[in-house]
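The values are calculated or read from the model by the stated rules, or taken from the named source; none is laboratory data. These figures come from a predicted structure and were not determined experimentally. Neighbour counts are summed over all protein chains in view; Cβ atoms, including those assigned to glycine, are modelled from backbone coordinates with ideal geometry. Just so you know, the surface numbers come from the protein's heavy atoms only, side chains and all, with ligands and any DNA or RNA stripped out. Shrake-Rupley method; radii C 1.70, N 1.55, O 1.52, S 1.80 Å.
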Amino acid sequence: MLEKEKIIEEIKKLIVMNDKETVEINPNFLQYFEIEELLAIKDKLEVKKSNISKSSLNYLDEIYEKTKKDKI
């Protein structure tokens with residue numbers, strides 16, 4: 001059970017967008033998930049968060065490049 005709780009805590013951290021937010025997940029809902037399913041959820045959230053970060057960086061790079069062009 002301890003491993004399951006650890007995975008759930010990691011999932012909560014992946015869901016929040018900043019450190020000031022907290023997420024609560026109904027423990028009754030989570031009892032239906034096996035560890036493998038929770039790990040799959042965690043993995044998908046990690047990929048999504050990584051993709052969002054990459055997308056944001058690309059967007060910021062584009063904005064930066066446009067501002068450089070405007071100054072010339």
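For the reader, a short list of remarks on this structure follows.
- The lone exception for GLU36 - which of (1) surrounded by 10 or more Cβ atoms within 10 Å (Cβ to Cβ); (2) modelled with pLDDT of 80 or more it fails: (1)
- Residue in region 42-65 that is within 14 Å of GLU5 (Cα to Cα), in contact with a helix residue (DSSP H, G or I) (Cβ under 6 Å, 6 or more places away or on another chain) and either open to solvent by less than 100 Å² (accessible area, probe 1.4 Å) or of a type in the set (Ser, Thr, Tyr) (or both) present: yes
- Among the residues of this structure, GLU24 counts as one that is of a type in the set (D, E, K, R) and surrounded by fewer than 10 Cβ atoms within 10 Å (Cβ to Cβ).
- Candidate set from region 1-21 (those that are in contact with a helix residue (DSSP H, G or I) (Cβ under 8 Å, 6 or more places away or on another chain) and not hydrophobic (A, V, I, L, M, F, W, C)); member that is most open to solvent (accessible area, probe 1.4 Å): GLU3
- Pairing residues of region 44-72 that are at positive phi and at pLDDT below 75 with residues that are surrounded by 10 or more Cβ atoms within 10 Å (Cβ to Cβ) and in a helix (DSSP H, G or I), at Cβ distances under 8 Å and at least 6 apart in sequence or on separate chains, gives no pairs at all.
- Listed by first and then second residue, the pairs with beta-carbon distance under 9 Å, at least 6 apart or on different chains, first residue in region 4-16 and of a type in the set (A, V, I, L, M), second open to solvent by 90 Å² or more (accessible area, probe 1.4 Å), are ILE8/PRO27; LEU14/LYS48; VAL16/THR22.
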